[in-house]
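The values are calculated or read from the model by the stated rules, or taken from the named source; none is laboratory data. Predicted model only: the values in this text are computed from it and were never measured. With ideal geometry, Cβ positions are generated from the backbone for all residues, glycine too; neighbour counts draw on all protein chains shown. Accessible surface is based on the protein model in full, side chains and every heavy atom, while ligands, DNA and RNA are left aside. Shrake-Rupley method; radii C 1.70, N 1.55, O 1.52, S 1.80 Å.
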Amino acid sequence: MSEVTFKILRYDPKTDKKPHVEQFKVPTKSGMTVLDGLYYIQEHLDGSLAFRSSCRAGVCGSCAMHINGTYRLACETQISALNSATIKVRPMAHLPVMKDLFVDMDPFWEKFKHIKPYLIPGDEPAEKERLQTTDERAHLDRIIDCILCGACFASCTVNNYDEEYLGPAALLKAQRFFSDSRDAAIEERMDLVDGEHGVWRCHTIFNCQEVCPKEIDITGSIAVLKRNMVANRWSPSLKKQ
Amino acid sequence: MRYHQVVVVGGGLAGLRAALELNKRNVKVAVVSKVHPLRSHSVEAQGGINASLGNHPRGSHDSPELHAFDTVKGSDYLADQKAALRLTEDAPKRVREMEHWGVPFSRTPDGKIAQRPFGGAGFPRTCFASDKTGHVLLHTLFEQCVKYEQASERGEMVIYDEQIVTGLVVDEGVCHGVIVWNFQTGEIDVIKSEAVIFATGGAGRIFGKTTNALVSTGLGMAIPYWGGVPIKDFEFVQFHPTTLFGTNILMTEGARGEGGFLLNNEGERFLANYDDSSKAMEVAPRDIVARNMTREIDEGRGFEDEYLHLDLRHLGREKILERLPGIRDLAMKFVHVDPIEAPIPVQPGMHYTMGGIDTDETGASRVPGFYAAGECGCVSVHGANRLGGNSMLETIVYGAIAGDSAAQFVLDGGSGKVPDEKIFDDAKNRELARLEGMFNGGNENPADIKDELESTMNRKCWVFREENTLQEGIEKIEELRERYKNITLNSSGLRLNFDLLWALELGGNLTMAEVMIKGAARRKESRGSQFRTDYPTRDDAKWLEHTLAYYAQDGPRFEASDVDLSIWEPKERKY
């Protein structure tokens, strides 16, 4: 049986002065994922290892972490695909470490909540469903795939120097509602994403897009959001483009 | 000690829907979830949600009565018929309400909610958002919760995530609250309440081969069971026909609803060779397809004696990308197969527990103040076999019903019993002692017990069951139950201790596995998902009854209760 070495950045702020790397030798088998490896360590080598997981199928967003150079979901990253005898794992950046790979997601959720992440329709609901054409619905394709894993937030270098920056996921969520023919809170939500910590802080670095496990065009969506805000507020001639 | 009028345990579809209903009625509610609500297993549901909207030309004549009949027939007549009718009568308004709240359903050419065919119905009834219906429903319900957390015109709603309910506070047969382990801080606390609603989901992780999330363990059902609430019909387990070989990740029934084929190693659509699936073929109900797939594999017509092929290639690239992008992505990531180019390797896998916490049509259990909704509960609307598309429906219909009836219970003055404050301190101290006691065990690694439990259930309590193997399974599980008393944990403290968390979950799994396999051995007939090779037919004279399991220290004590047959006469189930 072949094996790989996991090098995990460990840190418990309650007991450790500073983070340190620990190594674990883990036997591998076909189809094994990084998450399987972390469970092997927790069950057989060190029960104190802390990390989140739930669906193990890349859809719940629990297990985003930095694996061999980039942010990925541990559950859908097969060890063989990394093509390396060493698996280096560390927690997401820009979020306080609570223990090992387990970070405090509250700052992420605060920003998510800030943009009023729910449908705000302009009318009373119809007796049946609101109608939406297939073309209108197509505007929501991909953008609704976001699982709020936080990989984009962790990868965004703007978050390095602006803790208050809303970040890619919250801005994408805002654009999700701007794109929905049923939503009417355009002005209200534009106010929420405006300002120096809002949409203008995005420097179009594309990190978010590169790491997104759902391959969503996040940077592009933010660019559309900026453009629509310019059109809506300062340059009506740009509207409808 | 915290206080909320009602505590909802679980942040999946049923829990959030119940919380919204309570909030609408201005009842102060707290949702306690062991994971962030968006990480709940509901998010994995793919194919869709049934409602007789009649939006598809082939289903324009649909009605709640037709939907209820299909549900009852699919249940092999073990569903309670009035409860099934309530499910289907409320379905259109609950699904449309989700649309009003923002669910991006896929649409028909005239802009209505699109519907696709699913098993057990003769025409398209299943509303969907490509193959990510659970994802969009859960995100939308969470969004509504965020909205009303902040809304001043309504009562208080709080979500406590990463807090784990480990026990109930029950005094003189009345539920007064829950014991909560704050996973992030390590504190043990009590939440006092007038009513508790459990919406903790299914128990797929009793098995190894399951579509369920890692968090879907038996603990959520075991806690009320230990507290005196009976478990109903737990022997009935749905095996989903198409789960990905290797990981058992779900490949939606929608793949067959959209026209996908199941093929054996001779490239044949083998479902044509079996009487019970020759007409409906790939959209026959799940129990039938899973059995015929298992026969095919057992008789040597599978691949590597393990799996069959789900072939979507003839649907074409465009349809796969539009209707089934999620499972394409999963197949590519986990088995390196692009369904546009090649068939997907699939095998039946544990998917759903039809049984669960016994409740009536209002979501109330036999313990005043204790309610359940969603997969952890059992009304029963699914009987011996659930139709695809009815589980998410049950979460929002019966989530709302349980929320409404708990609200009414509270507004009417609750149980009327004022508990002595001492019971809360006692409950907390008992729980602290129990958890700390788990650190002083013997030398058993819980991971070994977990592996042995899973393989036992995979082999002894699977699609085909018979007395000898069930008895072997029972012996093994009783052995594991004893060994569990000697587990050792190698991580100390209560803060962020996954070692302890998984050990607690394992305790719940062992308890519920015992209820399941003993119930399966006790029921000497074949009905819906339970197929006994030694009793291959349905026996209405003896077994048209619900199984009730009550906790006792040496294993479950079984009773029976009546099935509501007030609308349709049981008939042979033919498709």
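Details
- Matching option when the condition is closer than 30 Å to B:Thr242 by Cβ, part of a helix (DSSP H, G or I) and within 14 Å of chain A (Cβ to nearest Cβ), among B:Leu470, B:Leu500, B:Leu506: B:Leu506
- Of the strands (runs of 3 or more DSSP E) lying entirely inside region B:304-381, the ones with 1 or more residues being touching a helix residue (DSSP H, G or I) at 6+ places or on another chain (Cβ under 9 Å), more than 13 Å from chain A (Cβ to nearest Cβ) and not hydrophobic (A, V, I, L, M, F, W, C) are found at B:344-353, B:356-358, B:370-372.
- Region B:372-393 residues that are touching a residue at least 24 places away in the same chain (Cβ under 8 Å), paired with ones that are among the basic types (Lys, Arg) (beta carbon under 6 Å, 6 or more apart): B:Cys378/B:Lys232; B:Ala384/B:Arg527
- Members of region B:36-52 found to be crowded, with 24+ Cβ neighbours inside 10 Å and either away from chain A (no Cβ under 13 Å) or outside any helix (DSSP H, G or I) (or both), listed by number: B:Ser40, B:Ala45, B:Gln46, B:Gly47, B:Gly48, B:Ile49, B:Asn50, B:Ala51
- Filter result for A:Glu210 (under 30 Å from B:His100 (Cβ atoms) and in a helix (DSSP H, G or I)): no
- Counting only helices (runs of 4 or more DSSP H) wholly contained in region A:120-181, the ones carrying 1 or more residues that are over 25 Å from A:Ala57 (Cβ atoms) occupy A:134-138, A:158-161, A:168-178.
- Cβ-Cβ distances below 9 Å connect the following pairs, each with a first residue in region B:407-433 that is more than 26 Å from B:Glu187 (Cβ to Cβ) and in a helix (DSSP H, G or I), a second residue that is among the aromatic types (Phe, Trp, Tyr) and open to solvent by less than 90 Å² (accessible area, probe 1.4 Å), and a separation of six or more residues or different chains: B:Phe409/B:Tyr371.
- Scanning region A:23-62 for residues that are more than 7 Å from every other protein chain (Cβ to nearest Cβ), farther than 20 Å from B:Thr210 by Cβ and within 26 Å of the chain's Cα centre (by Cα) turns up A:Val34, A:Gly37, A:Ile41, A:Leu49, A:Phe51.
- Residues in region B:52-73 that are within 30 Å of B:Thr547 (Cβ to Cβ) and in contact with a His (Cβ under 8 Å, 6 or more places away or on another chain): B:Thr71 only.
- Residue within region B:95-103 that is of a type in the set (Lys, Arg), closer than 30 Å to B:Val6 by Cβ and away from chain A (no Cβ under 14 Å) present: no
- Of all the listed residues (B:Gly349, B:Gly389, B:Gly383, B:Gly374), the sole one being buried (at least 22 other Cβ atoms within 10 Å of the Cβ), under 13 Å from B:Ala199 (Cβ atoms), within 18 Å of the chain's Cα centre (by Cα) and of a type outside the set (Ser, Thr, Tyr) is B:Gly374.
- Across region B:108-123, the number of residues qualifying as on the phi > 0 side of the Ramachandran plot and modelled with pLDDT under 95 comes to 1.
- Whichever residue in region B:53-72 is among the acidic types (Asp, Glu) and in a helix (DSSP H, G or I) and, among such residues, is nearest to the other protein chains (Cβ to nearest Cβ): B:Glu65
- Any hit, region B:276-284, residues being within 14 Å of chain A (Cβ to nearest Cβ), touching a residue at least 60 places away in the same chain (Cβ under 8 Å) and assigned to a loop (DSSP other than H, G, I, E, B): no
- Only residues that are free of Cβ contacts under 8 Å to residues at least 40 places away in the same chain and either closer than 15 Å to B:Leu510 by Cα or in the same structural domain as B:Lys279 (by TED's automatic domain parsing) (or both) were counted in region B:546-575, giving 3.
- Taken residue by residue, region B:495-514 has no member that is surrounded by fewer than 22 Cβ atoms within 10 Å (Cβ to Cβ), within 22 Å of B:Ile449 (Cα to Cα) and at pLDDT below 95.
- All positions within region B:104-125 that are more than 9 Å from chain A (Cβ to nearest Cβ) and in contact with a helix residue (DSSP H, G or I) (Cβ under 7 Å, 6 or more places away or on another chain): B:Gln115, B:Arg116, B:Pro117, B:Phe118, B:Gly119, B:Gly120, B:Ala121, B:Phe123, B:Pro124, B:Arg125
- Matching entry among B:Glu454, B:Glu421 (being exposed (fewer than 13 other Cβ atoms within 10 Å of the Cβ) and out of contact with any helix residue (DSSP H, G or I) (no Cβ under 6 Å at 6 or more places or on another chain)): B:Glu421
- Among the candidates B:Pro104, B:Pro92, the residue that is open to solvent by less than 30 Å² (accessible area, probe 1.4 Å) and either part of a helix (DSSP H, G or I) or not assigned by TED's automatic domain parsing to the domain that holds B:Ala19 (or both) is uniquely B:Pro92.
- Some residue of region B:546-568 being in contact with a strand residue (DSSP E or B) (Cβ under 7 Å, 6 or more places away or on another chain), hydrophobic (A, V, I, L, M, F, W, C) and surrounded by fewer than 18 Cβ atoms within 10 Å (Cβ to Cβ): yes
- Lone qualifier among B:Thr243, B:Thr247 - being hydroxyl-bearing (Ser, Thr, Tyr), open to solvent by 20 Å² or more (accessible area, probe 1.4 Å) and within 14 Å of chain A (Cβ to nearest Cβ): B:Thr247
- Summed over region A:79-93, residues that are surrounded by fewer than 16 Cβ atoms within 10 Å (Cβ to Cβ) and outside any helix (DSSP H, G or I) total 4.
- Summed over region A:213-225, the residues that are part of a helix (DSSP H, G or I) and either free of Cβ contacts under 8 Å to residues at least 24 places away in the same chain or under 15 Å from the mean Cα position of the chain (by Cα) (or both) give a count of 6.
- Only one entry of A:Val224, A:Val211, A:Val193 meets the criterion of being touching a strand residue (DSSP E or B) at 6+ places or on another chain (Cβ under 6 Å) and among the aliphatic types (A, V, I, L, M), and that entry is A:Val211.
- Residues (in a loop (DSSP other than H, G, I, E, B) and under 30 Å from A:Pro27 (Cβ atoms)) located in region A:94-112: A:Asp100, A:Leu101
- Filter pass, B:Gly208 being touching a residue at least 24 places away in the same chain (Cβ under 8 Å), under 30 Å from B:Lys319 (Cβ atoms) and not assigned by TED's automatic domain parsing to the domain that holds B:Ala280: no
- Some residue of region B:517-529 being over 22 Å from the mean Cα position of the chain (by Cα) and within 14 Å of chain A (Cβ to nearest Cβ): no
- Out of A:Pro117, A:Pro27, A:Pro121, one residue alone is within 24 Å of A:Leu166 (Cβ to Cβ) and open to solvent by 30 Å² or more (accessible area, probe 1.4 Å). It is A:Pro121.
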